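Let me begin by presenting the structure, written as structure tokens, before commenting on it.
Since every read-out is calculated from the coordinates, none of them should be taken as a lab result. Please read all numbers here as calculations on a predicted model, not as lab measurements. Positions of Cβ are backbone-derived with ideal geometry, glycine not excepted, and every protein chain shown enters the neighbour counts.
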Amino acid sequence: MATQKYIAVAGNIGAGKSSLIDFLCSEYSVKPFFEQNDNNPFFGLFYKNMKRWAFHSQMFFLTQKFKSQLELQKAKGTVIQDRTIYEDAEIFAHNLYVQKHMSKEEYNTYSDLYQSILRTIRPPDLLIFVDCSVKTLLKRIEKRGRDSEQSIPLDYLKGLHRSYRKWIKAYSHSPVLVYSSEKIDYLSDFVHRHDLLQKIEKYL
């Protein structure tokens, strides 16, 4: 049984996805599906040696995201997802391949599995793309203090930022709402919050 409504929140590391999801969950009766970063046994190793652990880390994320996707598709009511499976493959894995952290053989193996998964899942009813500058991303990553993220190379983060900008222009699986989280005004500005909620409610 497909979920009644499925909203996905996309964006770079530190863009403010989780904060937006927490806010929407407090405003509406929606069930969140968060990314399983802390459960990835390769996550910390990956940032220390990307070439050695990129394939392992991405395969873990793809597997977990597929399992989460199947679970949310069975849920009743409205669900909201923290980062889509499209981003895992078309941004993170592809960016690692372009930066030569994944071999051609590893990337082809990953891509074959991803293409098979795509044939079995439903797209979101709405994708909210949370966007902000690399400078702001760095400040937020430092502020939240996750040990595994403190060693993220700047070039890697910039590469993801470029990939996201390119990806969102070509994204066609569902309607898109682009939201700038540079100042996160919806938390303090009533007018800004009302405008954001009004746009989202069209899809609820």
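Evaluate E = 1/(1 + (r/R0)^6) for VAL134 and LYS67, where r is the Cβ-Cβ distance and R0 equals 35 Å; express this FRET efficiency to the nearest 0.05. Display every interim value, and only then the final one.
Working: r = 31 Å, r/R0 = 0.89.
With R0 = 35 Å, the Cβ-Cβ based efficiency is 0.65.
Give me the distance in nm between label points sitting 7 Å out from Cα along the Cα-to-Cβ direction at ARG193 and ARG146, one decimal.
Taking the two extended label points, one gets 2.6 nm.
Given an 8 Å cut-off on Cα distances and at least 6 residues of separation, report the relative contact order of the chain as a percent. Present the calculation step by step, with values, prior to reporting the outcome.
Values: 258 pairs, mean separation 63.9, N = 204.
Reported as a whole number, the value is 31 percent.
Using a Förster distance of 35 angstrom, determine the FRET efficiency expected from the C-beta separation of SER26 and ARG165, and round it to 0.05. Mind dumping the intermediate values first?
Values: r = 30 Å, r/R0 = 0.84.
According to the calculation, E is roughly 0.75.
Just to be sure I understand: with springs between alpha-carbon atoms less than 10 Å apart, which residue in ARG83, ARG52, ARG146 has the highest mean-square fluctuation in the Gaussian network model of the chain?
ARG146
Helix-only estimate, please: 222 nm mean residue ellipticity of the chain, summing -39500 (n - 2.57) across DSSP H runs of length 4 or more and dividing by its residues, to the nearest 500.
-16000 deg cm²/dmol
Would you kindly calculate the mean projected area, averaged across all directions, of the convex hull enclosing the Cα atoms of the stretch 124-177, in square nanometres?
Values: hull surface 17.7 nm².
Across all orientations, the stretch 124-177 yields a mean hull projection of 4.4 nm².
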